[in-house]
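Participant: I'd like to ask some things about the structure below.
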């Protein structure tokens with residue numbers, strides 16, 4: 001059975017950066033890319049807020065550059081997905097694609113988090129053409145335009161407030177008749193002249209020719225009384241949360257109430273010695289490419305120190 005010193009699960013900014021640092025530290029890392037090579041970032045278009053790219057860069061091109069850099073320093077990047085993992089044994093035991101078994105002395109989890117969608121076919125049709133799950137990433141492209149944010153919690157309010165500084169008009173589409181957000185966020189939203197909250201509206205579809213031009217909404221006036229409305233917008237931002245990709249590790253590692261991996265303070269150490277978490281899988285707050293890359297660096301340094309201490 002193959003045994004590796006440092007195994008990395010995930011191929012987003014956190015995973016590839018962990019590979020770069022681990023390879024340069026002579027840990028001979030093996031990285032499995034998973035089903036979405038390059039991570040969730042590859043579902044966006046142009047990245048303009050990552051340092052070092054003053055003119056912006058295509059998201060897929062940037063991820064390919066990170067991948068090439070990891071390869072250059074010796075990271076063994078492999079296609080395939082980890083289908084099961086046993087963190088109760090040492091070394092850790094993993095199965096790849098349901099058949100190949102290997103052992104790892106240390107493990108860096110960089111499996112990311114998946115943005116939640118409403119489940120409309122149109123969301124995929126207009127993804128990158130007006131539909132976004134990150135106002136911080138894509139809001140710049142909608143300057144002086146009309147956009148909508150879906151959600152009623154703090155995250156949705158934060159996205160709406162951020163966009164209100166860039167956009168002509170921001171609609172906050174809330175399916176309930178109230179905001180779930182904290183009082184301070186409700187107050188801030190109410191004080192913004194260019195934010196309009198649409199209570200008790202649900203999105204039933206999106207429309208547009210080459211790009212998004214609007215959303216089909218339905219207003220619930222009663223159990224059997226509905227009112228349809230077409231809302232002209234240029235951007236449609238989903239702010240209904242993320243699901244961390246941690247199903248593999250449930251019952252084996254400490255997770256918070258939302259399923260994110262819990263780390264120790266400013267480190268990437270988890271509740272299992274020798275297991276480290278980097279990127280969005282352990283970050284319910286920021287979820288940016290730059291913070292994911294930084295945590296990938298930290299995870300590799302933490303793994304190096306761990307391995308040095310056991311040898």
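Participant: If I ask for residues that are assigned to a loop (DSSP other than H, G, I, E, B) and either under 14 Å from the mean Cα position of the chain (by Cα) or touching a residue at least 24 places away in the same chain (Cβ under 8 Å) (or both), which ones from the range 236-265 would you list?
Facilitator: If the condition is that a residue be assigned to a loop (DSSP other than H, G, I, E, B) and either under 14 Å from the mean Cα position of the chain (by Cα) or touching a residue at least 24 places away in the same chain (Cβ under 8 Å) (or both), then 239, 240, 241, 245, 246, 252, 253, 256, 258, 259, 260 are the ones that fit.
Participant: Residue 232 is checked against (1) under 30 Å from residue 167 (Cβ atoms); (2) surrounded by fewer than 20 Cβ atoms within 10 Å (Cβ to Cβ); (3) touching a helix residue (DSSP H, G or I) at 6+ places or on another chain (Cβ under 9 Å); (4) touching a residue at least 40 places away in the same chain (Cβ under 8 Å) and fails just one. What number does that condition carry?
Facilitator: (3)
Participant: Please go through the range 260-311 and pick out each residue that is in contact with a strand residue (DSSP E or B) (Cβ under 7 Å, 6 or more places away or on another chain) and surrounded by fewer than 19 Cβ atoms within 10 Å (Cβ to Cβ).
Facilitator: 262, 306, 307
Participant: To continue, here is another question. Of the conditions (1) touching a strand residue (DSSP E or B) at 6+ places or on another chain (Cβ under 7 Å); (2) surrounded by fewer than 16 Cβ atoms within 10 Å (Cβ to Cβ); (3) in a loop (DSSP other than H, G, I, E, B), residue 54 clears all except one; give me its number.
Facilitator: Going through (1) touching a strand residue (DSSP E or B) at 6+ places or on another chain (Cβ under 7 Å); (2) surrounded by fewer than 16 Cβ atoms within 10 Å (Cβ to Cβ); (3) in a loop (DSSP other than H, G, I, E, B) one by one, residue 54 breaks only (1).
Participant: For the range 90-137, enumerate the residues that are surrounded by fewer than 21 Cβ atoms within 10 Å (Cβ to Cβ), in contact with a helix residue (DSSP H, G or I) (Cβ under 9 Å, 6 or more places away or on another chain) and assigned to a strand (DSSP E or B).
Facilitator: Scanning the range 90-137 gives 105, 114, 115, 127.
Residue by residue, here is whether (1) in the same structural domain as residue 285 (by TED's automatic domain parsing); (2) more than 20 Å from residue 281 (Cα to Cα) holds:
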position	(1), (2)
94	yes, no
97	yes, yes
122	no, yes
136	no, no
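Participant: Go through the range 1-20 and give me each residue that's buried (at least 24 other Cβ atoms within 10 Å of the Cβ) and assigned to a strand (DSSP E or B).
Facilitator: If the condition is that a residue be buried (at least 24 other Cβ atoms within 10 Å of the Cβ) and assigned to a strand (DSSP E or B), then 6, 7, 8, 9 are the ones that fit.
Participant: I'm trying to understand the selection: among the residues of the range 171-208, which are under 21 Å from residue 123 (Cβ atoms) and part of a strand (DSSP E or B)?
Facilitator: 171, 172, 173, 174, 198, 201, 202, 203, 204, 205, 206, 207
Participant: I'm trying to understand the selection: among the residues of the range 286-311, which are more than 20 Å from residue 63 (Cα to Cα) and either outside any loop (DSSP other than H, G, I, E, B) or touching a helix residue (DSSP H, G or I) at 6+ places or on another chain (Cβ under 9 Å) (or both)?
Facilitator: 301, 302, 303, 304, 305, 306, 307, 308, 309, 310
Participant: Another question, if that's okay. Out of all the residues in the range 35-51, which are in contact (Cβ under 8 Å) with a residue 60 or more places away in the chain and either in the same structural domain as residue 131 (by TED's automatic domain parsing) or not in a loop (DSSP other than H, G, I, E, B) (or both)?
Facilitator: Within the range 35-51, 40, 41, 43, 46, 47 qualify.
Participant: Quickly run through the range 177-189 and pick out the residues that are under 20 Å from residue 219 (Cβ atoms) and surrounded by 11 or more Cβ atoms within 10 Å (Cβ to Cβ).
Facilitator: 178, 179, 180, 189
Participant: Given the criterion assigned by TED's automatic domain parsing to the domain that holds residue 292, surrounded by 16 or more Cβ atoms within 10 Å (Cβ to Cβ) and more than 18 Å from the chain's Cα centre (by Cα), identify the matching residue among 59, 23.
Facilitator: Just one listed residue meets the conditions, 23.
Participant: While we're looking at this one, here's another question. Could you check residue 208 against (1) assigned by TED's automatic domain parsing to the domain that holds residue 96; (2) at positive phi; (3) in contact (Cβ under 8 Å) with a residue 60 or more places away in the chain and say which number it fails?
Facilitator: Unmet condition: (1).
Participant: Same structure again: Are any of the residues in the range 81-89 assigned to a helix (DSSP H, G or I) and either modelled with pLDDT under 95 or on the phi > 0 side of the Ramachandran plot (or both)?
Facilitator: No, the range 81-89 contains no residue that is assigned to a helix (DSSP H, G or I) and either modelled with pLDDT under 95 or on the phi > 0 side of the Ramachandran plot (or both).
The values are calculated or read from the model by the stated rules, or taken from the named source; none is laboratory data. Here the structure is a predicted model, which means the values were calculated and not measured. Counting neighbours? That spans all protein chains shown, and the Cβs are built from the backbone with ideal geometry, glycine included.
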